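The structure appears right after this line, and notes come after that.
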């Protein structure tokens, strides 16, 4: 399959928490990659802004119903300068600490942040293993509990879909 990407199933954490997002609402899938969550969300009736820096990875989503593809390098400071606010923000397997506080401000009142990524300890299982890309214990909880209403939080080792050490949070902005 040269030049093609295999689309994985959406994360169970994201599937489980998505019903908290207003039906048919606008959702940001940050660092969406090949779009496993953006495509799934669009099929559920959500309007999705799918952001990623890899134009080739997102190319299969261009022209799909309910998906607005934006090729942007967030780490180069290219954050869109708009007043756009979201009913939901999805982040999976991505960490750029400079954006963590900003995400809370991008939510509409009642908006939902669903975030999951790797944490310290994952280096035992492979990549990512660089500390810059691994959350510290309770890091998402410490960042978002003063800013948002935490619905659920978990962290630790898991075996499926592959061995990893993950941290997850679901939180809402007060309305």
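Here, each number is a calculation from the coordinates, and none is a lab measurement. If you're wondering where the values come from, they're calculated on a predicted model, not measured in any experiment. Don't worry about glycine lacking a Cβ; one is built from the backbone with ideal geometry, like all the others, and counts go over all protein chains shown.
At-a-glance table
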{"quantity": "Shape call, region 93-175: gyration tensor on alpha carbons, a/c limit 1.5", "calculated": "prolate"}
{"quantity": "Kirkwood hydrodynamic radius over Cα pairs of region 111-152, then Stokes diffusion coefficient at 20 °C and 1.002 mPa s, in µm²/s", "calculated": "188"}
{"quantity": "Beta bridge orientation in the chain: antiparallel %, DSSP, nearest 5", "calculated": "45"}
{"quantity": "FRET efficiency, residue 96 to residue 62 (Cβ-Cβ, R0 30 Å, nearest 0.05)", "calculated": "0.80"}
{"quantity": "Relative intensity, log₁₀ I(q)/I(0), of region 2-94 from a Debye sum that treats every alpha carbon as a point, q = 0.26 Å⁻¹", "calculated": "-1.52"}
{"quantity": "Volume per residue of the C-alpha convex hull in the chain, rounded to whole Å³", "calculated": "119"}
{"quantity": "Rounded, prolate or oblate (a/c below 1.5 giving rounded, otherwise prolate when a/b exceeds b/c) for region 50-91 by Cα gyration tensor", "calculated": "oblate"}
{"quantity": "Exposure proxy order (Cβ contacts within 10 Å, fewest to most) of 173, 53", "calculated": "53, 173"}
